[in-house]
Amino acid sequence: MTQALAHPNIALVKYWGKQDRAGNMPATPNLSITLSELCAKTRVSDSDQFEFQLNGQVVDDSKVKTLVDSMTQEFNLPPMRIESSNNFPTSAGLASSAAGFAALVTAIDAHCQLGMNQALRSEWARRGSASAARSVCGGFVALVPPDWQAQSLAPSKHWPLEVVIAITSHDAKGVSSTDGMERSRLTSPFYNQWVRSAGDDYAEASVAIAERDFAQLASVAELSCLKMHSLMLTSRPALSYWTPASLACMDRVRELRNSGEAVFFTIDAGPQIKAVCLPESADQVAKALADVPGVREILRCPLGEGARVIDD
Ligand code: PMV
């Protein structure tokens, strides 16, 4: 039995839309921070047949099955039992699949002694879920052409940001990211402009991170997030992942920033708000978001490390 752990990551320059070819490659360069505290743990053990359990229940997950089948074929692997668990809500816009696939590939690599390097683990994780490619690395992470294997831009200690997550709903999302982004690609009138402008957003965010320029990172990260949600809203039929509390939290973050706190928001395909802050603003931000009507829970995560094998 071998066990691996990975954390979710939160994109600051978003990925929403795939290339029209095999390999599950994003259409645009994207960039994320890996969190600590939240984690997916995945155990791999030998078995007579493939079995996948999530949080103690046997589940029929076609993405997991497809990835394990491809790895089995590529590396001639024996059947395996895979048991995964998350210490945070699954499929609710908290990047559970990113953490899950990064942990899965890391556990299979170690259990079957495949000897993959980080880039190759990232590539296989990407085949499961493109954002999972980034959870293989810690700190500040880029997923860019031509290889689309995630690379570390800077370790977490380069700039110890903290993420305050306001949970506004524990429900699983109605439309998966894969289906949603395909709908946007095919129907949003703004999709081509999104693809054309992503390189500039990526370049601006990487400079902001290198220079630890919080105001510049805040500006480009909120822009990228709201462009992605504009694509969602202008898809046909429209995709809307926000609750009234998500909107109230965005307003609260803007008010906090106007009153001098170092904070910006980002939101993925779900209703949770991720408020990225400098550590000195985190207590104030957590307190303010906890008071927003409709916020059910606050989680706090400093930046974390990449996927790794752990002892039982
Ligand atoms: O990798 P997927 O299929 O879970 O898609 C991730 C999409 C977003 O989380 C909304 C954006 C991103 O870059 O993580």
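The values are calculated or read from the model by the stated rules, or taken from the named source; none is laboratory data. In this text, all values refer to a predicted model and were calculated from it rather than measured experimentally. Here the Cβ is made from the backbone with ideal geometry for all residues, glycine too, and neighbour counts use every protein chain on show. Heavy atoms of the whole protein, side chains included, go into the accessibility calculation; ligands, DNA and RNA do not. Shrake-Rupley method; radii C 1.70, N 1.55, O 1.52, S 1.80 Å.
A few comments on the model shown:
- Segment 170-287, relative contact order in percent, only Cα pairs under 8 angstrom and at least six apart counted: 25 percent
- Between segment 276-308 and segment 78-156, the alpha-carbon center distance in angstrom: 23 Å
- 3J(HN,Hα) along segment 152-163: 6, 8, 6, x, 4, 6, 4, 7, x, 6, 10, 10 Hz, from the Karplus curve 6.51 cos²θ - 1.76 cosθ + 1.60 with θ = phi - 60°, whole Hz, x for Gly and Pro.
- Taking amide hydrogens as placed 1.01 Å from N in the peptide plane, the amide H of A154 sits under 5 Å from those of F140, each at least 5 positions away in sequence or on another chain.
- One quarter of the surface of the convex hull around the alpha-carbon atoms of segment 217-261 equals 3.4 nm², the direction-averaged projected area.
- The Cα-based radius of gyration and maximum Cα-Cα distance (Dmax) for the chain are 18.6, 60 Å.
- Amide H contacts under 5 Å for L54: V59, S84, restricted to partners 5 or more places along the chain or on a different chain, H placed in the peptide plane at 1.01 Å from N.
- Length-normalised contact order for the chain - Cα pairs under 8 Å, 6+ apart - percent: 26 percent
- Computed magnitude of the charge dipole of segment 2-157 (debye, nearest 20; Cβ of K, R +1, Cβ of D, E -1): 500 debye
- 27 Å Cα-Cα threshold exceeded, pairs from K157/K287; K18/K287; K65/K173: K18/K287
- With contacts taken as Cα pairs under 8 Å at a separation of at least 6 residues, segment 26-149 carries a relative contact order of 35 percent.
- For segment 160-302, the spread of Cα positions along the three principal axes, ordered from largest to smallest, is 43, 36, 23 Å.
- Among complete DSSP H helices in the chain, those whose alpha-carbon atoms stretch at least 18 Å along the helix's long axis and whose mean Kyte-Doolittle hydropathy reaches 1.0 are 96-111, 214-233.
- Solvent exposure, largest accessible area first (probe 1.4 Å, DNA, RNA and ligands not counted), of T266, T2, T187, T66: T66, T187, T2, T266
- Only helical runs count toward this figure. For the chain, summing -39,500 (n - 2.57) over DSSP H runs of n ≥ 4 and dividing by all residues gives -12500 deg cm²/dmol at 222 nm.
- Placed amide H near L12: partners under 5 Å, 5+ positions off or other chain: L31, S32, I33
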